[in-house]
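Right, one structure below, let's go through it.
The values are calculated or read from the model by the stated rules, or taken from the named source; none is laboratory data. Because the structure is a prediction, the values reported are computed rather than measured. Here Cβ is always computed from backbone atoms with ideal geometry, including for glycine, and neighbour counts include all displayed protein chains. Areas reflect the complete protein model, heavy atoms only, side chains present, ligands, DNA and RNA absent. Shrake-Rupley method; radii C 1.70, N 1.55, O 1.52, S 1.80 Å.
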Amino acid sequence: MTRPRYSIVAPIYNEEGNIQVLYDRICEVMDSSGGEWELVTVNDGSRDRSLELLEELAAKDSRIKVLNFARNFGHQIAVTAGLDYTSGDAVVIIDADLQDPPELILEMIERWKAGYEVVYAVREERHGESWFKLLTAKVFYRLIYRITDVNIPMDTGDFRLMDRKVVDALQSMREHNRFIRGLTSWIGFKQTGISYVRQARFSGETKYPLRKMVRFAMDAITGFSYFPLQIMIYVSFVLGVLAVLAIPVISVLRVVLGSGFLGGQVTTIVLLLMLSAFQLFFLFIMGQYIARIYDEVRDRPLYVIASEKGFKPQLEDEPNTIPPTPEPEPEARG
Ligand code: UDP
Ligand code: MG
């Protein structure tokens, strides 16, 4: 293999206190990686000096690239844009606040060279985060794990290395509400995790207030699960059973407790239960159509091919065995 080329993507939103250290540490790590590298930074509408600092670095070091958003579009969109502009054989996504230690990239590269196409980092411990963040994150990852259709590994963020093939597949998925770690899992390929201790932010504070966290969680759930649409069928079933049972149960209770029990409300109760069950049932049916519409408009690729053989001549490893078709004799005119 010729010298591998690595791209590192870092989304930046008001990270002025972290940029220089991030640069220094990435230089140190990547210079020892034995490959060529570039750092693609995406300034996601920062209101501090982040852009200025990034541009200064880019002026001094041609390996640093700066994409500057017109406003804040959000973390997942910033990462997506960064990926669009990478050219490396392997691409690493990293947070700019140094909660993801750049030193881990070398270990990721080792795994990549061993044949894995996605190497994600699993947070074994998290330092310097509020109990609220820790609790919500824990609940979130477990919920996502249980209700989504794809196997999204627990306690992993976007800190990961991806082979070019995976990045290409990811780029073909242009859905707007993006949950990148879910999309990467959806794509497939050979994936593995390495665990690490997540450090506290080097400088500044989290850019994920509760509002953004809730939105993020909703994107994850709606992007990968139809469970919320399916709940209705269970509720509908329970109400239906109650409606059917209500008639004999109330009749028996009337015999035992006297005919005045519940008075004239019985018909109302039974009708209400039945109607609610019907309505929920048809809402569920509608949900099924909406889910399918959603599948269609999101327009994910139907499948992702990891490799193919036997379709076209593969010059290096497999000479074409079909004899060349002879040139057709030129037809005599006339
Ligand atoms: N970020 C971004 N746009 C946003 C919010 C965050 O580009 O709207 C970047 C941020 O600069 C950082 C990364 O995304 O590099 C992760 O954000 P943060 O550290 O605030 O999230 P946390 O680690 O607290 O979950
Ligand atoms: Mg952070």
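The conditions of being assigned to a helix (DSSP H, G or I) and over 44 Å from the mean Cα position of the chain (by Cα) are not met by Leu239. Residue count for the range 185-198, restricted to those that are within 16 Å of ligand 2 (Cβ to nearest atom) and of a type in the set (S, T, N, Q): 0. Residues in the range 19-74 that are farther than 19 Å from Thr86 by Cβ, touching a Lys or Arg at 6+ places or on another chain (Cβ under 7 Å) and surrounded by 20 or more Cβ atoms within 10 Å (Cβ to Cβ): there are none.
Mind checking whether some residue in the range 214-221 is assigned to a helix (DSSP H, G or I) and within 16 Å of ligand 2 (Cβ to nearest atom)? Checked against the condition, which is being assigned to a helix (DSSP H, G or I) and within 16 Å of ligand 2 (Cβ to nearest atom), the range 214-221 yields at least one hit. Of the residues Glu129, Glu103, Glu175, the single one that is among the acidic types (Asp, Glu) and within 16 Å of ligand 2 (Cβ to nearest atom) is Glu129.
Scanning the range 128-149 turns up one or more residues that are acidic (Asp, Glu) and either in contact (Cβ under 8 Å) with a residue 60 or more places away in the chain or within 30 Å of Arg5 (Cβ to Cβ) (or both).
A single member of Ala78, Ala90 is within 16 Å of ligand 2 (Cβ to nearest atom), open to solvent by less than 20 Å² (accessible area, probe 1.4 Å) and under 20 Å from the mean Cα position of the chain (by Cα), and it is Ala78. Counting only helices (runs of 4 or more DSSP H) that sit wholly inside the range 1-90, those with at least 3 residues that are under 24 Å from Gly223 (Cβ atoms) are 75-84. Would a scan of the range 104-119 turn up a residue that is acidic (Asp, Glu), more than 23 Å from Val304 (Cα to Cα), open to solvent by 20 Å² or more (accessible area, probe 1.4 Å) and within 13 Å of ligand 1 (Cβ to nearest atom)? Within the range 104-119, none of the residues are acidic (Asp, Glu), more than 23 Å from Val304 (Cα to Cα), open to solvent by 20 Å² or more (accessible area, probe 1.4 Å) and within 13 Å of ligand 1 (Cβ to nearest atom). Residues in the range 143-156: is at least one more than 24 Å from Val304 (Cβ to Cβ), in a helix (DSSP H, G or I) and not β-branched (Val, Ile, Thr)? Scanning the range 143-156 turns up at least one residue that is more than 24 Å from Val304 (Cβ to Cβ), in a helix (DSSP H, G or I) and not β-branched (Val, Ile, Thr). Is it the case that Tyr141 is surrounded by 18 or more Cβ atoms within 10 Å (Cβ to Cβ), in contact with a Ser or Thr (Cβ under 6 Å, 6 or more places away or on another chain) and either of a type outside the set (Lys, Arg) or closer than 23 Å to Cys27 by Cα (or both)? When the stated conditions are applied, Tyr141 does not pass them. Residues that are open to solvent by 30 Å² or more (accessible area, probe 1.4 Å) and within 16 Å of ligand 1 (Cβ to nearest atom) within the range 173-198 comprise His176, Asn177, Val197, listed in sequence order. List the residue pairs whose Cβ atoms are under 8 Å apart, where the first residue sits in the range 87-104 and is within 19 Å of Gly17 (Cα to Cα), the second is of a type in the set (Asp, Glu) and in a loop (DSSP other than H, G, I, E, B), and the two are 6 or more positions apart or on different chains. The qualifying pairs are Ile94/Asp100; Ala96/Glu15; Asp97/Glu15. Scanning the range 222-230 for residues that are in contact (Cβ under 8 Å) with a residue 12 or more places away in the chain and of a type in the set (A, V, I, L, M) turns up at least one hit. Looking only at the range 199-211, decide whether some residue is more than 12 Å from ligand 2 (Cβ to nearest atom) and buried (at least 16 other Cβ atoms within 10 Å of the Cβ). No - not one qualifying residue is present in the range 199-211. Among the conditions (1) among the polar types (S, T, N, Q); (2) modelled with pLDDT of 95 or more; (3) open to solvent by less than 10 Å² (accessible area, probe 1.4 Å), the only one that Thr156 does not satisfy is (2).
Quick one: Leu161 ticks every box in (1) crowded, with 16+ Cβ neighbours inside 10 Å; (2) in a helix (DSSP H, G or I) except a single one, so which number is it? With respect to (1) crowded, with 16+ Cβ neighbours inside 10 Å; (2) in a helix (DSSP H, G or I), Leu161 is out only on (2).
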